[in-house]
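Taking it in order: structure first as structure tokens, then the write-up.
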Amino acid sequence: MKIAIVGAGAIGGLFGAILAQNGQDVTLVDIWEEHVKAIKEAGLILAEKDQDVIVNIKATTKITEVENPDLIIISVKAYDTEQAARDCLKILGSDTVVMTVQNGVGNVKIIGEIVGVERVIAGTTSFGSTVLDPGRIQPNGIGAISIGELDGAGTERLRRIVNGLSLGGIETHAAMEGVDSIIWTKLLANVGINGLTAITQLRNGELLEFAGTKTLQEKVVNEALAVAEALGIRFGSDDPFGHVLDITRGTYTNKSSMRQDIERGSKTEVDYINGAIVKEGARLGIATPVNEVVTMLIKTLEERGPLPH
């Protein structure tokens, strides 16, 4: 497959590196000029535990240099989704598929309204990664991707993309239960981990070491579950909160992406995670006070700027 990855940060860069290492025709597209320049000059550096791995991969700041890709993977922050989708219009071929495994909710709707909902497949990823410097990222363990058609159908193009990504070195599964279930399952984990770790500056698993954060995690997730129930979201697990706890333990030493954003003084995706629960709760008449407090505190930290070193 010919693949364009729009957004070459922590996750997009990691996807691109794995695919390139396994012989896929992949190009990273990013507006961060210093990052793209570093990749062009010295390759994309993966800071593995034992040694650095240099991956030779195409990179550009100009999306028009990637003509008629078979697959576009949108891997930008949720607040940049609309612009990224509009940029994708410049390179769409007749059969180009646009895929998102971004954090939060709302990305599928935004992308579909711009490129055409019939082009979109969506899902989630359990990969983790950190951008250390321009052209240098640090993978945080091995993950997988789950993707599906928006209506849950088992189409030929879904099988083709699953097979292509799998051959490209990324463990990929077809989600047949419908993408709302897997997106909301991931959302619950983000709701229960990201904001709290950003506020407390704890690593993911450390949330379970303190009575206060354990209680807050349960409260924000239970509010999200109440909203999900009102929306008719079905979960694959009989114990969604237990699944969140499993993810918290399983990513014990990870720094959440939102914590990384706060440390850098960057804008976060809180509006698409805890803030999305608040927004939907207000629309449905469901109280979400703890998620509202988390959202307001994150926005305060955004306004304050980067943490002092």
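Below are the figures for this structure:
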item	result
For Asp180: the one exception among (1) in a helix (DSSP H, G or I); (2) under 22 Å from Ile262 (Cβ atoms); (3) not aliphatic (A, V, I, L, M)	(2)
Selection status of Glu223, among the acidic types (Asp, Glu), surrounded by 15 or more Cβ atoms within 10 Å (Cβ to Cβ) and at pLDDT 95 or above	yes
Residue among Leu202, Leu208, Leu188, Leu216 that is aliphatic (A, V, I, L, M), surrounded by 17 or more Cβ atoms within 10 Å (Cβ to Cβ) and within 19 Å of Ser126 (Cβ to Cβ)	Leu188
Where a residue in the range 74-100 is buried (at least 19 other Cβ atoms within 10 Å of the Cβ) and its partner, wherever it lies, is outside any helix (DSSP H, G or I) and of a type in the set (Lys, Arg), with Cβ under 9 Å and at least six apart	Lys77/Lys267
One residue from Ala228, Ala189, Ala198, Ala224 being farther than 14 Å from Ala276 by Cα, in a helix (DSSP H, G or I) and not assigned by TED's automatic domain parsing to the domain that holds Leu150	Ala198
Among the candidates Gly265, Gly275, residue that is more than 17 Å from Thr185 (Cα to Cα) and out of contact with any strand residue (DSSP E or B) (no Cβ under 7 Å at 6 or more places or on another chain)	Gly265
Answer from Ala198, Ala211 - the residue that is within 15 Å of Leu245 (Cα to Cα) and of a type in the set (Gly, Ala, Ser)	Ala211
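One line per residue, one yes/no per condition, for (1) farther than 29 Å from Gly275 by Cβ; (2) within 22 Å of the chain's Cα centre (by Cα); (3) at pLDDT 95 or above:
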residue: Gly23; (1), (2), (3): yes, no, yes
residue: Glu33; (1), (2), (3): yes, yes, yes
residue: Leu46; (1), (2), (3): yes, yes, yes
residue: Ile72; (1), (2), (3): no, yes, yes
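The values are calculated or read from the model by the stated rules, or taken from the named source; none is laboratory data. Bear in mind the structure is a predicted one, so any value in this text is a computation, not a measurement. Here the Cβ is made from the backbone with ideal geometry for all residues, glycine too, and neighbour counts use every protein chain on show.
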